[in-house]
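Undergrad: Pasting a structure below so you can have a look.
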Amino acid sequence: MDEFVSQIRARVLERMDLSRDMADEEIENLIGEETACVLQGVTLTLHERVQLERRVFNSLRKLDALQELLDDPEVSEVMVNGARHIFFEKAGEVFRWNQCFASEEKMQDIIQQIVGRHNRVVNLSNPIVDTRLEDGSRVNIVLSPISLDGSAITIRKFPEHPLDMDALIAKGAITEEAASLLASLVRARYSLLISGGTSSGKTTFLNALSQYIPEDERVITIEDSAELQIQGVSNLVRLETRNANMEGVMPVTIRDLIRTALRMRPDRIIVGECRGAEAFDMLQALNTGHDGGLSTAHGNSSRDILARLEMMVLMGMDLPIAAIRQQIASGIDVIVHLGRLSDRSRRVLEITEIQGIHDGEIVLSPLYQLQGEEGTWELVQTGALVNRKKLDMAGVQLPDEQGLCS
């Protein structure tokens, strides 16, 4: 099949009018004609022929060997380890794809096509880049020889229609009671940090939480590569970083965007992910009257993410640990920690309140914790919310059935 794809593609390229932008329908007609010529005397089923023509079209106008995977709504991740090795994740399992790129050169063409759509640059001088596809899917690219066995592409897909909290409850990611608590906290402008490991569902969960932001608020989102799907907010400004390039274009960083957002009259600032020195600016924003912020960060537990935040702040500012901890305790109200379990499900593992500082340490109070074992997991309430000031100021009541009134 690969040989037929190469032959038909070469013949179509010879007939294409490169002096103008040909319509997809014209390309498809050319492919059909050349396929008929190449397949004379060859027996293929109708399905195989349709697949063959689709592969040729994808190689000319789409993302070649990746396109069918990107079109499959059940595929959640695509992993390319050099031109000949493509893997994908579906329903939590990883499989090897039966297609590949014809050559490393063809793969490089696709890489440049991806990054060029969003003004990114990737080359030997800048061999690592983060970008996105038109549908918002997150893309990470590492060129060879940094990637030893050929350039690597990793694509994290997001559903066309973002999951809301009801869908997460139906999937067992969180209980209705815990979701009701978080809904109240978001409405009352508590600042939440969502932590978890890679592919634990942090971005999906942040998107779901955004449905509880009041419609009349002005929200500024800040991301490396725009992928958030904020729900129900009309007064929304989406900001995205920019890399420097060889033409003298200066970079625009997360830190730059946070500082700019403060001058844009935000009601809330949402930072897609904190990974470095921008954590200091985020905490500064949360501590200067911009309550209700949402952000994500990588961490192993609610306690672990605090140590990571301290290290991230120190990347950009030489401050005493005591001062950093005070900023964290004052700026972040609740940590929601997610994880991926042995059965491949993504669940809320902990919901933890930050109560303040005691003897130089940040005091954590677990509100919900996942307990049990595979097949009997249950998110159990383990504590009551102590800091109710924002709830009272916003006039928001917690659901009576949760028993969290102090």
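Every read-out reported here was derived from the displayed coordinates using simple, explicitly stated rules and does not represent laboratory data. On a predicted model such as this, the values are computed, not experimentally measured, just so you know. Note that we place each Cβ from the backbone using ideal geometry, even for glycine, and neighbour counts take in every protein chain shown.
Undergrad: Based solely on its DSSP helices, what 222 nm [θ] is calculated for the chain when runs of n ≥ 4 H residues each add -39,500 (n - 2.57) and the sum is averaged over all residues, nearest 500 deg cm²/dmol?
TA: For the chain, the value works out to -10000 deg cm²/dmol.
Undergrad: Stick to Cα atoms and the Kirkwood definition of Rh, then tell me Rg/Rh for the range 26-130.
TA: Reported Rg/Rh, Kirkwood definition of Rh: 1.02.
Undergrad: Put +1 on the Cβ of each Lys and Arg and -1 on the Cβ of each Asp and Glu in the chain; which of ILE324, TRP97, LEU46 then has its Cα farthest toward the positive end of the dipole?
TA: ILE324
Undergrad: Taking a temperature of 37 °C and a viscosity of 0.692 mPa s, what whole-number D in µm²/s does Stokes-Einstein yield for the range 65-115 with Rh from Kirkwood over alpha carbon pairs?
TA: 290 µm²/s
Undergrad: Using only alpha carbons, build the gyration tensor for the range 231-346 and give me the equivalent ellipsoid semi-axes, biggest first, whole Å.
TA: 24, 19, 17
Undergrad: Compare ARG138, ARG303, ARG20 in a GNM of the chain, Cα atoms joined below 10 Å, and give the one with the largest fluctuation.
TA: Of ARG138, ARG303, ARG20, the Gaussian network model singles out ARG20 as fluctuating most.
Undergrad: Moving to a separate point now. Would you pull out the residues with amide H under 5 Å of ILE194's amide H, same chain only if 5 or more places away, H placed 1.01 Å from N?
TA: Those qualifying (amide H under 5 Å, at least 5 residues apart or on another chain) are SER295, THR296, ALA297, VAL336.
Undergrad: At 7 Å along Cα-to-Cβ for each site, give me the label-to-label distance between HIS47 and GLN211 in nm.
TA: 3.6 nm
Undergrad: Quick check on packing: order 228-239, 54-65, 34-45 by the mean number of other C-beta atoms within 10 Å, highest mean leading.
TA: With the highest mean Cβ count within 10 Å placed first, the list reads 54-65, 228-239, 34-45.
Undergrad: Can you give the FRET efficiency to the nearest 0.05 for VAL363 and CYS37, using r as the Cβ-Cβ distance and R₀ = 60 Å?
TA: Calculated value: 0.20.
Undergrad: Could you derive backbone 3J(HN,Hα) for the range 368-382 from the dihedral phi with the Karplus parameters 6.51, -1.76 and 1.60 (θ = phi - 60°), listing whole Hz in sequence and x where the residue is Gly or Pro?
TA: These are the phi-based 3J(HN,Hα) values: 9, 9, 7, 10, x, 9, 3, x, 10, 4, 8, 7, 10, 5, 10 Hz.
Undergrad: May I ask you to evaluate 6.51 cos²θ - 1.76 cosθ + 1.60, the Karplus curve with θ = phi - 60°, for each residue of the range 206-219 and list the ³J(HN,Hα) values in order in whole Hz, giving x for glycine and proline?
TA: Working through the residues one at a time gives 4, 4, 5, 5, 5, 5, 9, 6, x, 4, 8, 8, 9, 10 Hz.
Undergrad: Could you tell me the center-to-center distance, by alpha carbons, between the range 311-384 and the range 146-220 in angstrom?
TA: Measuring centre to centre over Cα atoms gives 16 Å.
Undergrad: Okay, moving on. What is the packing order of peptides 169-179, 388-398, taking the mean over residues of other C-beta atoms within 10 Å and listing the highest first?
TA: 169-179, 388-398
Undergrad: Stick to the Cα atoms of the range 173-259, pair each with every other, and give me the Kirkwood hydrodynamic radius in Å at one decimal.
TA: In the range 173-259 this quantity evaluates to 14.9 Å.
Undergrad: State, to one decimal in nm², a quarter of the convex hull surface area for the C-alpha atoms of the range 109-224, i.e. the direction-averaged projected area.
TA: For the range 109-224, the mean projected area of the Cα convex hull comes to 9.4 nm².
Undergrad: Order these peptides, 354-367, 277-290, by their mean beta-carbon neighbour count within 10 angstrom, highest first.
TA: Ranked from most to least packed, the peptides come out as 277-290, 354-367.
Undergrad: Still on this model: Give the relative contact order (percent, whole number) for the chain; include only Cα pairs under 8 Å separated by 6+ residues.
TA: Value for the chain: 11 percent.
Undergrad: Past 29 Å, Cα to Cα, is the threshold; run LYS202/LYS390; LYS106/LYS202; LYS157/LYS389 against it and keep the listed order.
TA: Listed pairs above 29 Å: LYS106/LYS202; LYS157/LYS389.
Undergrad: Next question, about the same structure. Just want to confirm a number: the relative contact order over the range 302-375, from Cα pairs under 8 angstrom separated by 6+ residues, in percent.
TA: Taking the mean separation of contacting Cα pairs over the length of the range 302-375, I get 25 percent.
Undergrad: With both partners inside the chain, how many of the DSSP beta bridges are antiparallel, as a percent to the nearest 5?
TA: In the chain, DSSP labels about 70 percent of beta bridges as antiparallel.
Undergrad: How high is the relative contact order of the range 127-192, given as a whole-number percent (alpha carbon pairs under 8 Å, six or more residues apart)?
TA: 19 percent
Undergrad: Short version: ³J(HN,Hα) in whole Hz for each residue of the range 145-150, in order, from phi by Karplus 6.51 cos²θ - 1.76 cosθ + 1.60 (θ = phi - 60°), x for Gly and Pro, what are they?
TA: Karplus values, whole Hz, x for Gly and Pro: x, 4, 8, 5, 9, x.
Undergrad: Using a simple charge model, +1 on the beta-carbon of Lys and Arg, -1 on the beta-carbon of Asp and Glu, nothing else, what dipole does the chain show about its Cα centre, in debye to the nearest 20?
TA: 880 debye
Undergrad: Send over the per residue convex hull volume for the range 1-56, Cα only, as a whole number of Å³.
TA: Each residue corresponds to 71 Å³ of Cα convex hull volume.
Undergrad: Quick one: P(r) of the chain from all Cα-Cα pairs, 20 Å bins, percents rounded to integers, in order of increasing distance.
TA: 24, 49, 23, 4, 0
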